[in-house]
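Below is one structure; the comments refer to it alone.
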Amino acid sequence: MQEKKQEKKVERKLTFKEKMGILAAICMFFAIGMMMGGGKAGNLPIQYSGAALFTLGAGIAIWLLVTAPPKDDEEFDE
């Protein structure tokens with residue numbers, strides 16, 4: 001008989017900054033569609049609200065980039 005090794009599955013929760021990065025990506029994804037669709041349909045309020053949503057997502061992404069801690073190269077050495 002073979003012994004089954006039980007692997008501990010650790011469920012890691014997302015940090016606040018990881019959640020904000022996902023939110024920024026989703027905002028910019030939908031914003032591109034709103035800008036393209038609003039521009040093609042001639043609906044300027046949708047186009048401009050898409051631009052505002054893209055600006056919000058880009059602002060979050062820049063904030064995450066600026067506040068990121070410096071990279072620790074020692075952590076990845078094997």
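Applying the criterion of being β-branched (Val, Ile, Thr) and either more than 25 Å from PHE16 (Cα to Cα) or open to solvent by less than 60 Å² (accessible area, probe 1.4 Å) (or both) to the residues of the stretch 34-78, the residue that is modelled with the lowest pLDDT is THR67. Of all residue pairs spaced 6 or more apart or on separate chains, none has beta-carbon atoms under 9 Å together with a first member in the stretch 29-43 that is at positive phi and a second member that is of a type outside the set (Lys, Arg) and outside any helix (DSSP H, G or I).
The values are calculated or read from the model by the stated rules, or taken from the named source; none is laboratory data. Everything numeric in this text was worked out from a predicted model, so none of it was measured. Cβ atoms come from the backbone with ideal geometry, glycine included; neighbour counts cover every protein chain shown. Remember, those area values only see protein heavy atoms, side chains included, never the ligands or the DNA or RNA. Shrake-Rupley method; radii C 1.70, N 1.55, O 1.52, S 1.80 Å.
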